[in-house]
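Below is one structure, written out as structure tokens; comments come after it.
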Amino acid sequence: MTDLDRAARLAGVPAWDRYSLRSLPVPGGDLTFGVWEPAQESSLVTTVLALHGITGNHRCWPYLVERLPGARIIAPDLRGRGGSSEIEGPFGLSHHADDMVAVLDSVGVESAVVVGHSMGGYVGLVLADRHPDRVRSLVLVDGGLPLGGGVTDPEAEADRIIASLANRLAMIFPSRASAVRFWRHHPAFEGAWTSVVEDYARYDLGGQAPRLRSRASYASLIADSRDVHQGESLRRALSLLGRPDVEYPAQWLVASHGLMNDIPALYPPPVVVHWHETFPQLAIRPVNAVNHYTIVMSRRGAEAIASAVRRVGRG
């Protein structure tokens, strides 16, 4: 058990006794992923493949684990992030999607409910397009659909967000405590700081003091952002949401507040309306009193995601 694992145990991360950290070889290096096994044995276990955002890591999901005690949660560090940060490429949505097939194969899972937060939603869509037999259902969490939605300027909005994220990835911290302080004062976690968020922040760090920095690589941020906005894989995958012959259901959860706990949210109401009109069969579920981060890293947000997963089980 690493020092980070001990810290997480002390921090009270839910279901730690059911968690294991694993890795497998993929093109470019080794991919790290976490697995939370279900709390009770059953022949009808739902497997959830949980995909984090563009600069995130798999330790954002413990509250979802807590809300789905009967499910198996498989959560990778996407290549270029967290424990998979040593993978220098190739990046792009198709490569992430193919990695997810390797992860499912390594655990012996044929298909899963795919929950994708932010960029993880894009990866989920491309996974469903490239490997439809591996996706039982899609739950897109404040992501998965282009930001502009025919209403605002998507390129300008994407550039603004990328610049902000790039600045954070360039930050150097003299100690783990200073990195935790940065996140603790982040507007997204004002009044919402928990031991789970602290563990997420600590797990993100790489390097040695006094030069600690995020393990999310700048190269992966730029390459994946470019693929989202200019690549063909997402455009092709989006057509799935408009096809009547697609058998699996898709749900879109939308946070009420943005990355900085601000309004308008990442997907303002006019953009949500646009995508509702474009894909009327997509079930849109607003989630109030959460922002782009706490829609995953809070009990309120996790319960909304868990409810979406349960709806799949009820058909």
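Regarding residue 210, is this residue over 18 Å from the mean Cα position of the chain (by Cα) and more than 30 Å from residue 236 (Cα to Cα)? It is true that residue 210 is over 18 Å from the mean Cα position of the chain (by Cα) and more than 30 Å from residue 236 (Cα to Cα).
Scoring residue 94 on the criteria (1) of a type in the set (Gly, Ala, Ser); (2) touching a residue at least 60 places away in the same chain (Cβ under 8 Å); (3) touching a Leu at 6+ places or on another chain (Cβ under 7 Å); (4) closer than 22 Å to residue 217 by Cβ leaves a single failure, condition (3).
Table: residues versus (1) farther than 17 Å from residue 313 by Cα; (2) in contact (Cβ under 8 Å) with a residue 60 or more places away in the chain.
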{"site": "38", "(1), (2)": "no, no"}
{"site": "42", "(1), (2)": "no, no"}
{"site": "47", "(1), (2)": "no, yes"}
{"site": "52", "(1), (2)": "yes, yes"}
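Looking for something over 21 Å from residue 257 (Cβ atoms), in contact with a helix residue (DSSP H, G or I) (Cβ under 7 Å, 6 or more places away or on another chain) and among the basic types (Lys, Arg) - is there at least one such residue anywhere in segment 178-190? The answer is no; no qualifying residue exists.
Would a scan of segment 8-20 turn up a residue that is part of a strand (DSSP E or B) and modelled with pLDDT of 95 or more? Lay out the reasoning, then the answer.
The first filter runs over segment 8-20 and keeps only residues part of a strand (DSSP E or B), leaving 19-20.
From what's left, modelled with pLDDT of 95 or more: 19-20.
Yes - at least one qualifying residue is present in segment 8-20.
Among the residues of segment 107-149, those that are assigned to a helix (DSSP H, G or I), in contact with a helix residue (DSSP H, G or I) (Cβ under 9 Å, 6 or more places away or on another chain) and either among the hydrophobic types (A, V, I, L, M, F, W, C) or within 24 Å of residue 271 (Cα to Cα) (or both) comprise 119, 120, 122, 123, 124, 125, 126, 127, 128, 129. Only residues that are more than 16 Å from residue 139 (Cβ to Cβ), over 11 Å from the mean Cα position of the chain (by Cα) and assigned to a loop (DSSP other than H, G, I, E, B) were counted in segment 285-302, giving 5. Of all residues in segment 89-106, those that are of a type in the set (Gly, Ala, Ser), in a helix (DSSP H, G or I) and under 16 Å from residue 234 (Cα atoms) total 2.
Given the condition closer than 27 Å to residue 57 by Cβ and aliphatic (A, V, I, L, M), answer yes or no: does some residue in segment 277-287 qualify? Please lay out each step first, then the result.
From segment 277-287, those closer than 27 Å to residue 57 by Cβ are 285-287; that's our starting set.
Filter again for aliphatic (A, V, I, L, M), leaving 287.
Yes, segment 277-287 has at least one match.
The condition of being modelled with pLDDT of 95 or more, surrounded by 14 or more Cβ atoms within 10 Å (Cβ to Cβ), in contact with a Pro (Cβ under 8 Å, 6 or more places away or on another chain) and within 24 Å of residue 59 (Cβ to Cβ) holds for only one of 205, 212, that being 212. Sub-9 Å Cβ pairs linking a first residue in segment 214-232 that is touching a residue at least 60 places away in the same chain (Cβ under 8 Å) and under 15 Å from residue 156 (Cα atoms) to a second residue that is assigned to a helix (DSSP H, G or I) and hydroxyl-bearing (Ser, Thr, Tyr), at least 6 apart or interchain, are 228/122, ordered by first then second residue.
The values are calculated or read from the model by the stated rules, or taken from the named source; none is laboratory data. Being a predicted model, the structure only gives us computed values, none of them experimental. All Cβ positions, even for glycine, are placed from backbone atoms using ideal geometry, and neighbour counts span all protein chains on display.
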